[in-house]
1. Going by Cα centres, the stretch 138-165 and the stretch 63-117 are how many Å apart?
2. At a 10 angstrom cut-off on C-beta neighbours, averaged per residue, how do the peptides 89-97, 145-153 rank from highest to lowest?
3. With a cap of 10 neighbouring Cβ atoms within 10 Å, and only residues DSSP puts in a loop, list the GluC sites (Glu not before Pro) found in the stretch 60-118.
4. How much space per residue, in cubic angstrom, does the convex hull of the C-alpha atoms of the stretch 43-188 take up?
Amino acid sequence: MSIHNANIRAHAAFVVVAALLSLQGCNRAADAGPSEARNAEPAITHVASTSDIAAGRYLVRIGGCNDCHTPGFAMTNGASPAEADWLTGDSVGFSGPWGVSYPPNLRLSFQNMEEEQFLEMAHAGKGRPPMPWPSLVAMSDRDLKAIYAYIRSLGPKGEPAPAALSPGMTPDRPHIAFVPQMPAAPTK
Ligand code: HEC
């Protein structure tokens with residue numbers, strides 16, 4: 001290695017160390033467990049809109065909730081169904097090591113759930129994949145309340161989704177397998 005190359009390497013190593021040191025401070029909240037990270041957020045982090053319902057509608061749209069909880073939504077890039085049919089749950093499940101989970105009909109769930117119960121569920125963040133529980137854990141109470149207000153405002157509609165299956169049980173209806181597939185061995 002020439003002296004010139006060695007200098008470049010030493011300099012690059014210094015830059016990396018300096019960058020790591022400066023990141024250390026910012027990473028403290030991310031290193032903490034979910035609940036500590038939540039509490040480390042400034043209490044005022046929330047979405048502002050003309051009303052709670054409007055804020056909740058915005059959060060549901062950017063949060064991708066329709067992708068799983070509304071049949072056909074993800075497959076049509078959100079073109080259908082109309083908002084009147086949003087969040088009615090899906091009977092196509094997701095299978096994996098957790099068994100089979102079905103995106104519940106939130107229009108019905110939220111009619112049978114008090115706001116406080118939803119907050120507890122969201123704070124705990126415990127449930128089967130692929131529901132993005134960490135997204136709910138990270139939300140401020142004000143945003144969670146806005147989501148609650150919006151989904152309640154849609155009113156009850158549709159049928160309950162099938163009950164989840166424990167690992168080892170065989171689903172008798174369509175399901176999407178969340179199992180990594182190995183690529184075929186390369187042919188020579
Ligand atoms: C990748 C798919 C997916 C996305 C995206 C998704 N969910 Fe879910 N959700 C699920 C599944 C599957 C379950 C069932 C989990 C279980 O069985 O434990 C669930 C469960 C829930 C529950 C519990 C309902 C009940 O009756 O027990 C709530 C509340 C919920 N989701 C809200 C949301 C919200 C709000 C969003 C958007 C921020 C969202 N979900 C995005 C798949 C998804």
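1. The distance from the Cα centre of the stretch 138-165 to that of the stretch 63-117 comes to 9 Å.
2. 145-153, 89-97
3. Those that pass, being in a loop and sparsely packed, are Glu114.
4. 157 Å³
Values in this text are rule-based calculations from the coordinates and carry no lab data. In this text, all values refer to a predicted model and were calculated from it rather than measured experimentally. Heads up, the Cβs are rebuilt from the backbone with ideal geometry, glycines too, and the neighbour counts pull from every protein chain shown.
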